[in-house]
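Read the structure below first, then the notes.
Laboratory data are not the source of any read-out in this text; all were calculated from the coordinates shown. Keep in mind that this is a model prediction, so the values were computed, not measured. All Cβ positions, glycine included, derive from the backbone under ideal geometry; neighbour counts span all protein chains shown.
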Amino acid sequence: MENKTIDTQELQVKLTAKDFSSGQDVRWCPGCGDYSILAQVQRTFPDIGIKKENIVWVSGIGCSSRFPYYMDTFGFHGIHGRAPAIAGGLKSAHPELSVWVATGDGDLMSIGGNHFIHTCRKNMDLKILMFNNRIYGLTKGQYSPTSEKGKVTKSTPFGSVDYPFNPVSLALGAEATFVARSLDRDPKHMQEMIRKAAAHKGTAFIEIFQNCNIFNDGAFELLTNKETKPEYVLQLEHGKPLIFGVHRDKGIKLDGFELKVININEGDNSINDVLVHDEEDSNPIRAFMLAHMTDNPDLPTPVGVFRRKLKPTYDEGVWNQISHFQAKKGKGTLKDLLYSGNTWEVK
Amino acid sequence: MAEIKEKEIQSLSEVTVRFAGDSGDGMQLTGSQFSDTTAIVGNDLATLPDYPAEIRAPAGTLYGVSGFQLHFSSSDIHTPGDNPDVLVAMNPAALKINLKDLRPGAMIIVNTDSFDPKNLKIAHYDTNPLEDDSLSGFEVIEIPITTLTTNALEGSPLSIKEVTRSKNFFALGLMYWLFNRPIEPTIEWIQTKFKNSPDIADANLKVLKAGYYYGDATQLFSARYIVKPAALPKGTYKNISGNEASALGVLAASLKSGLDLFLGTYPITPASDILHYLSRYKNYGVVTFQAEDEIAGMASAIGAAYGGALAISTTSGPGLALKTEATGLAVMTELPVVIINVQRGGPSTGLPTKTEQADLMQSLYGRNGESPVVVLAASTPSDCFYMAFEACQIALKYMTPVILLTDGYIANGSEPWKLPEENDLPEIKVNFRTEKEGFYPYERDKNLSRPWAVPGTKGLEHRIGGLEKEDVTGNVSYDPENHHRMVTLRAEKVQKVQQDVPDLQINGDPEGDLLVIGWGGTYGAITEAVNRSRKAGMKVSQIHIKHLNPLPANLGKIIKSFKQVLVPELNMGQLAYILRSEYLIDVIKLSKVKGLPFKSVEVQNKIAEILGGNNGK
């Protein structure tokens, strides 16, 4: 009986970040960007309006995939690349759960690539946080499918010859209904993205640029250093013009099919020439253009929500069919099951 | 009604019929309609569909021949028959491929229209077999089936191509007449199946009847035949294929356990029909998840099982290989998942539409590390129902993955099944852990099973995964002693299932000269062979293993009561290998890997060879 009283009290007490810590020793390398991601998730989760026991973290293999062990929610540490498939089965069978995937660029873009695109295609109601450090960390430093071409690593001593994936573009191409990007060194921004992903119904994909200080240190230095960040990072905000720069005087202009940087105070240019971000744009073309800014050294790197779109999720579709037929035919019984169809009697 | 001239009716105790034609000729449909009707009139029956992997192989080719064999009888039978008594050959290729299997003197009904120079050439006939004496040992009935079909449909709005496509119904109608079966069940079937295409329905009905009446009108047949109903036990029956039975079995387990059924799968021959059947049962709350690949099929089932569903994954050999790693994850996380592997010819893509039993080793050992799972095998089409049900019972009771082996032969073959009463099936008790106090994810009960604490249960938030677990707490552990203990515990748990494995029943005397040990879909052929050998006075007995891991407790004792052991298998001797290592005995192998089931005579000859008889002759 004592336990029951405590439970009731717990219900009334607002949870804090600490309530989402499993208390396990966190075993990432000191200085790893993963610590920040864990902290932002733990900080936001008390406010996302979901009961702790209904939250499940599913992961694959890699540094990122140790994440579930540190969260005091239900957690499932899967096998390499398969987290979206495990999570998809869980969510489809149990739609009442809030299912989150912690994964990395190797786990999701390489071995799990197939599961990722089909999860997006089906609009599986999963929240996927991909920690992108552009390197294989747990296997000690091979290039990953998001490493830049020419990357010198243990497995590519003379530079990689293949081209990287652009994860945001891939997610958009696979029709993910919520696509965002954030930075490990921008806690506030990351919290905002996590909250938005939690509120979204459908596949929510957040690429988080995360520094691996052991094998790929400084990969995102320009984007996170206080000095350079304003010039190199473009904050995407719904309904607002795409402005950046230390003096907030640079804007992104849509010139035909090209995105260009303009100075809004120079010549004929003004703030009115700057593209206004519409994350709900029904046409994905502008979102793709924003995604590909990352590949262009002359353009800043966008962070924020690239695209957000509402359409029925996979589990809704599945369970709507089930309810429809249960309402129409009644719930099936064993007798109906066995004794329907072409039967005959032997007397 | 055409005028019916009475013909002599001869009574037969059993008949084996094979329908054969191009893969586009509708032979599977013809065969299954004939089977359903034959079941309804009360015969015992067994079927063997045998078709190429190509959906529409080039017309007239030898490799494009599709066949459907049916053995029906007035008494209890176990196999689709060794040698057909009647062959319906829709073209020269079908004749050529099947001729060697016929019993001497068999009846061959040929569609003469297709025996033109072009088709003869494609079938590699130098001369027309209908015109030389190559068929002299058979009773050949020549019928221009295509012409008669076209005549029957004169004035039909259908195209010539559509008209000729109906010719299989002519053959079906004719066979109904010949064997005195009612055509009404097929009429009903056509009316339902083609209710949205009235012209096609009308054409098929006309041609079916034309075939039936042709039998009466023609002088080609000297007699009609009747096969009296078999004396089957009282009850309600249904003609069932193994795949349908597997689907019903897991669904019955879902209803008896109160758990929603989740099927995570990827289409693969010959297992896809289980998905097709289950996807219809929406009102039973079944979620059928057609995943992006085999791996995701298994991984999604693991996710669903973690959440508390009755989770199934279905596949065939190459798919089981892809599920290997995920199956290991289910072993490590100790979650109940049932994998139904409908075996086909391997290795690699192998023979997708042909049967084989060569995945036993893969099922038992095909994972990294010490990774034991329960392995079961169904023996007949209807047995798939009970074994699928039992696989679910075991998975849920012991929190373990279970692999159920069936094969292409019993999956596609069918037989009459006496339906169980609702109360014949036991309730399946499932206890989700809800008590927070003293909860440890890897604490074990007396069966060594761990608690099933599903997401959504307040206070039981915990983490599991593929890393080695600390005993009891389930925390990640690299401790050497702990790993050794956990490997041992997982093995002991699977071994514990033996307490629920029924003792083997011996067909024959409890001791003797020879024990024939089979497993899986060879049951029918072995049973028939052993029964016949015993009638001939041989001291041979039979046991059939349906639990491959763990093996039944009384197996060793039975083996020791016989002088010799014969293991017929549709592989190179996988069970034989296991029995040798498990019981340190010698085993005589009878291996067949031809993509086809055993003929009972093949087993019977081997028994005779071992026991020094007259070789079954």
Problem - GNM result for chain A, Cα springs below 10 Å: residue of A:48, A:194, A:206 fluctuating most strongly - result: A:48
Practice task
For an R0 of 22 angstrom, estimate the FRET efficiency from the Cβ-Cβ distance between residue A:248 and residue A:35 and round to the nearest 0.05.
Solution key: 0.10
Problem - Rounded, prolate or oblate (a/c below 1.5 giving rounded, otherwise prolate when a/b exceeds b/c) for segment B:512-611 by Cα gyration tensor - result: oblate
Practice task
Sort segment B:8-227 into rounded, prolate or oblate with this rule: let a ≥ b ≥ c be the square roots of the eigenvalues of the Cα gyration tensor; rounded if a/c is under 1.5, and if a/c is not under 1.5, prolate when a/b is larger than b/c, oblate otherwise.
Solution key: rounded
Handout entry: segment B:366-399 and segment B:432-499: distance between their alpha carbon centers, rounded to Å
Key = 21
Exercise for the section: Report, for segment B:8-227, the % of DSSP beta bridges that are antiparallel, rounded to 5. Expected result: 45
Exercise for the section: Among DSSP beta bridges whose residues both lie in segment B:238-424, state the antiparallel percentage, nearest 5. Expected result: 20
Handout entry: Inter-label distance for residue A:227 and residue A:328, nm, one decimal - labels placed 7 Å from Cα along Cα-to-Cβ
Key = 6.8
Completion exercise
Residue by residue through segment B:460-469, the couplings from Karplus 6.51 cos²θ - 1.76 cosθ + 1.60 with θ = phi - 60°, in Hz, x for Gly and Pro, are 9, 4, 7, 10, 10, x, x, 6, 4, 9
Practice task
Have a look at A:130, A:193, A:293 and tell me which one the Gaussian network model of chain A (Cα, springs below 10 Å) gives the largest fluctuation.
Solution key: A:293
Handout entry: For chain B, calculated [θ]222 nm from helices alone, where every DSSP H run of n ≥ 4 adds -39500 (n - 2.57)
Key = -11000 deg cm²/dmol
Fill in the blank from the handout: The answer for residue A:58, listing residues at least 5 apart or on another chain whose modeled amide H is closer than 5 Å to its amide H, is A:76, A:100, A:101, A:102
Problem - Residue (of B:81, B:368, A:305) at the positive-pole extreme of the protein assembly as shown, dipole from beta-carbon charges - result: B:368
Handout entry: Residue-by-residue Karplus 3J(HN,Hα) for segment A:230-246, coefficients 6.51, -1.76, 1.60, Hz, glycine and proline x
Key = x, 7, 10, 10, 10, 7, 8, 10, 4, x, 10, x, 7, 10, 8, x, 3
Fill in the blank from the handout: Here the percent of antiparallel bridges among DSSP beta bridges lying wholly in segment A:5-157, to the nearest 5, is 15
Practice task
Name the residues whose placed amide hydrogens come within less than 5 Å of the amide hydrogen of residue B:351, ignoring near sequence neighbours (fewer than 5 apart) on the same chain.
Solution key: B:345, B:346
Problem - Charge context of residue A:177, other residues only, Cβ under 10 angstrom, K/R +1, D/E -1 - result: +3
Problem - Fewest-first sequence of A:13, B:140, B:494 by Cβ atoms within 10 Å of each Cβ - result: A:13, B:140, B:494
Exercise for the section: Select from segment A:110-159 those chymotrypsin sites (Phe, Trp or Tyr not before Pro) which occupy a DSSP coil region and have at most 16 other Cβ atoms within 10 Å, ordered by residue number. Expected result: A:158
Exercise for the section: Could you list the chymotrypsin sites (Phe, Trp or Tyr not before Pro) in segment A:229-334 that lie in coil according to DSSP, counting only those with at most 11 other Cβ atoms within 10 Å of their Cβ? Expected result: A:257
Fill in the blank from the handout: For residue B:482, the net charge from surrounding residues (Cβ-Cβ under 11 Å; K, R +1; D, E -1) works out to -3
Practice task
Rounded to the nearest Å, what's the spacing between the alpha carbon centres of segment B:227-295 and segment A:64-81? Just the number, please.
Solution key: 34
Practice task
Would you please give the FRET efficiency between residue B:582 and residue B:478, computed as 1/(1 + (r/R0)^6) with r the Cβ-Cβ distance and R0 = 22 Å, to the nearest 0.05?
Solution key: 0.10
Problem - Average other protein chain Cβ within 10 Å of Cβ, residues B:419-425 - result: 3
Exercise for the section: Could you calculate the FRET efficiency of residue B:191 with residue B:142 from 1/(1 + (r/R0)^6), where r is the beta carbon distance between them and R0 is 41 Å, rounded to 0.05? Expected result: 0.80
Problem - Per-residue ³J(HN,Hα) for segment B:342-359, Karplus 6.51 cos²θ - 1.76 cosθ + 1.60, θ = phi - 60°, Hz, x for Gly and Pro - result: 8, 5, 9, x, x, x, 6, 5, x, 10, x, 9, 10, 8, 6, 10, 9, 9
